[in-house]
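Written out below as structure tokens is the structure these notes cover.
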Amino acid sequence: MVSSAPDLTSRILRRERTLVAISVAALAALCWWYVVASVADGSDMAAMREPGFGALVVMWWLMMIAMMLPSAAPAILLYSRVRSVRGRDPGIGQTWTFLAGYVVVWLLFSMVAAFAQMLSTGASMALHNRLAESAVLIAAGIYQLSPMKSVCIRQCRSPAEFLSRHWRPGSAGAFQLGVMHGAYCVGCCWMLMALLFVGGIMNLLWIAALTLLVAAEKLLPAGQIVRRISAVCMLIGAVGRLLI
């Protein structure tokens, strides 16, 4: 018996959804491989007296994708599911376009972070200044409790509400949605990423800890509690930096 066109379309889109899930996992894994390899090979960045801006941007961008993609996966996969359910609707852009919009926002953030690193630490991977480190910890702790953080993390924690509220048709709309979701993620996590200047930009344990914190805030039912506890820990850490 020959499959009908709608059945064939559904099967193709289900396979596409599986391919999207595998691709997202593979992209995150490759970026983590880069981060781990860079940390293991001390000559990757530490040996460079004056790392170029382009090299720093690439380093930050791949690190941001590794850290942020796992917690953004629910929104990406949900978008892919919408495509699957409404597969015969030509007004829905490709999932890859949504993902492209998301990572482009983190590319822009990486440019800012690379510039900040050149100004503040240069070839060094941390601030190495107790006052500066304490200031970053205090700022991060306060931001964790701020209304801006609450607004942004609400969008990140509720991908279904985000997509239904901000839906845009077509490929341009998919890219805009990805950019918008990426912007909310940056608004949610930019101060947490600033903590890399405190613990070490290529400190693998610090990177892993921040990745888990981001994922816990966004994905766990008790994410709001995790956020408040982390804020208190940052403020206590700031005091500790000043006293030690």
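No value in this document is a laboratory result; all are computed from the given coordinates. Only a predicted model underlies this, so the values are computations on that prediction, with no experimental measurement involved. Here Cβ is always computed from backbone atoms with ideal geometry, including for glycine, and neighbour counts include all displayed protein chains.
For every helix of n ≥ 4 consecutive DSSP H residues, a contribution of -39,500 (n - 2.57) applies; sum these over the chain, divide by its total residues, and give [θ] at 222 nm rounded to the nearest 500 deg cm²/dmol.
-27500 deg cm²/dmol
If you place +1 on the Cβ of every Lys and Arg, -1 on the Cβ of every Asp and Glu, and leave all else neutral, what size is the dipole of the chain about its Cα centre, to the nearest 20 Debye?
800 debye
In segment 102-220, with Lys and Arg counted as +1 and Asp and Glu as -1 at Cβ, which of these residues, Ser164, Leu127, Leu196, has the Cα nearest the positive end of the dipole, that is, farthest along it?
The one lying farthest along the dipole's positive direction is Ser164.
Kindly express, to the nearest 10 degrees and within the range 0 to 90, the angle between helix 53-85's C-alpha long axis and the longest C-alpha principal axis of the chain.
30 degrees
Using Cβ counts within 10 Å as a stand-in for footprinting exposure, how do Met234, Met111 rank, fewest first? Working shown, then result.
Working: Met234 22, Met111 16.
Going from least to most buried by this count: Met111, Met234.
Would you mind ranking Met67, Met148 by Cβ crowding within 10 Å, fewest neighbours first?
Arranged by neighbour count, lowest to highest, Met67, Met148 become Met148, Met67.
With each label point set 7 Å from Cα along the Cα-Cβ vector, what nm distance links Cys233 and Ala209?
0.7 nm
Around Ile236, under 14 Å between beta carbons, what's the net of Lys plus Arg minus Asp minus Glu among the other residues?
Result for the local shell: +1.
For a protection proxy built on the mean count of beta-carbon atoms within 10 angstrom, sort 222-228, 60-66 highest first, please.
Descending mean neighbour count gives 60-66, 222-228.
Hey, what angle do you get for helix 170-194 against the long axis of the chain, alpha-carbon based, 0 to 90 degrees rounded to 10?
20 degrees
Hey, if you put +1 on the Cβ of every Lys and Arg and -1 on every Asp and Glu Cβ in segment 5-243, which of Ser110, Tyr79, Leu69 ends up farthest toward the positive end of that dipole?
Of the candidates, Tyr79 comes out farthest on the positive side.
Roughly how tilted is helix 223-243, in degrees to the nearest 10 and between 0 and 90, from the longest Cα axis of the chain?
20 degrees
Skipping prolines and chain starts, which residues have an amide H placed within reach, meaning under 5 Å, of the one on Ile92, given they are 5 or more residues away or on another chain?
Gly170
For the chain, what relative contact order do you get, as a whole percent, if you take Cα pairs closer than 8 Å and at least 6 residues apart?
On the way: 283 pairs, mean separation 64.5, N = 244.
In percent, rounded to a whole number, it is 26.
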